[in-house]
1. When a footprinting reagent is the concern and you count Cβ atoms within 10 Å, what order do M157, M377 take, fewest first?
2. Tell me, C37, C113 in order of fewest to most beta-carbon neighbours within 10 Å?
3. Of all DSSP beta bridges in the chain, what percent run antiparallel (nearest 5)?
4. Along the charge dipole of the chain, pointing to its positive end and built from +1/-1 on Cβ of Lys, Arg, Asp and Glu, which listed residue (F48, S135, Q339) has its Cα farthest out?
5. Cα-based count: Lys pairs in the chain below 17 Å, eight or more positions apart or different chains?
6. Hey, fewest Cβ within 10 Å first, where do S300, S161, S135 land in order?
7. Among (i) 4, 21, 33, 29, 11, 1, 0; (ii) 4, 18, 28, 25, 17, 7, 1, 0; (iii) 4, 17, 24, 21, 17, 11, 5, 1, 0, find the value of P(r) over Cα pairs in 10 Å bins from 0, in percent that was calculated from the structure presented, and write down its label.
8. Can you give me the Kirkwood hydrodynamic radius for the stretch 324-488, using every pair of distinct Cα atoms, in Å to one decimal?
Amino acid sequence: MSTATPDLSRVLVCGATGYVGGRLVGRLLEKGYRVTCLVRSPEKLTKFAWFRHERLRVVEGELEDPAATENALADVHAAYYLVHSMQSAKGEYAKRDRELAVSFRQAAEASACKRIIYLGGLGELGPDLSQHLDSRREVGEILQAGAVPTTVFRAAMIIGSGSASFETLRYLVERLPVMVTPKWVKTETQPVAIRDVLRYLVECLEVPETTGRTLDIGGPDVMTYQEIMQVMAEKLKLRPRIIFPVPVLTPRLSSLWIGLVTPVSASIARPLAEGLKNRTVCRNDDSVRLIPGERLGVESAIDAALGKTNRGEIETRWSTAGQMPGDPDWAGGTTLTDQRQTVVEGSAQQTFAEIRSIGGANGYWGAGFLWHVRGWMDQAIGGPGLRRGRRHPTDLHYGEAVDFWRVTRLIPNERLTLRAEMKLPGEAELDFQLQPQEIDSTLLVMTARFRPRGLLGLAYWYAVYPLHGFVFPVMLRGIARNVQSAKSR
């Protein structure tokens, strides 16, 4: 039976492909709400079990497009605004967030929408506010200044499998038994489990008293980041970490350090690092009073997140959010290609299952040292390298990150295309196409495409081309070998 409040039964989620939004939609549908998602790339939603739900409506478009926003808000009673632009360069995310918030507020005012719910960050009233937290505070203020009552939730670190904050913390603790850290490790924070964030976001629709309020949400524990690191070490069954806080590490240096050690890039790490200098603790218990319920403490939240990670049950991951790269027209301009093929003794389904496991801990079917060298080179010049890994060891979907690649095309049992997001003097992709043959075999065609940018791009291609002659045949042989091995089990 639906438990949705009748006058708020239709909701819009902006940011449904993001870390929180991707989980929120399923919870709302479970509670009986009719949900509309405004997304740039609807294909990103196909990985979710709820994608074909009868009460789900998907509107393709961007918040910059007034027509798409108006369409998404049509017949909507409440709207979740879960949009941030942290990855924009040189602080441009603040300007972009401000413009999007103004545009959305105006569109909501012109619609039948009765409520807006926004998730911001704690610490917004502290001194020396970081640009990231200041931007999130400003977005909340812009939305609340409009005619549509807006509930602003403010959260500190969100602990959950796949979140940027959690993965940063886990990798730092796993990889560094001794850490020289910025002095912010002594700053107090009040982390909140992702399941509690989702509960607050969903249940607020059924609590009229939350309308138009600003509510701080957090777990029951107030701890320093240093203390949280030691809890993480204990949960990972590691020795206590030796931590030396120093005052000389700037946010820029801290972000470069985080980018070197963890899967999170320096461009994302910098806003996170800047925000850590602000104390992020709930000012009152209004959220607990209005929306009572059991909250997970830090230890329980870390246990839950590690359990999901170890079981490969990461529902959403930070690396999937963001705008998809444009698909180049490879038919035009100077495009250099390297195409190789082999016949695999297995069906297209079996072959595709093997190809779909590419990257992450699974590697690239051989020549691992060369792939790691390429990853280190990319990371050294600010690229993602191999550190992002993948969300799941075998499950893969459109829009997901795989090391320094992004999935831009996925047709089951037919084709997988990976767009390079490494730092390159040009545009590159790696494409796998499968053609079923007679007697349970498959022709596998692997094509590397590169569109050089100037002479430097040409020089790059001809420098790496000889390595293709070694690496690509190793990949094809490895795929064929693994498929054959899987068939014989």
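1. Details: M157 28, M377 13.
Going from sparsest to densest Cβ surroundings: M377, M157.
2. In order of increasing Cβ crowding within 10 Å: C113, C37.
3. So the antiparallel bridges in the chain amount to around 50 percent.
4. Towards the positive end, the residue furthest out is Q339.
5. 4
6. S300, S161, S135
7. Of the labelled values, this structure produces (ii).
8. It is 16.3 Å.
A short reminder: the numbers here are calculations on the coordinates, not readings from a lab. It should be emphasised that the depicted structure is a prediction, and the values quoted were computed from it without experimental measurement. We place every Cβ from the backbone using ideal geometry, glycine too, and count neighbours over all the protein chains shown.
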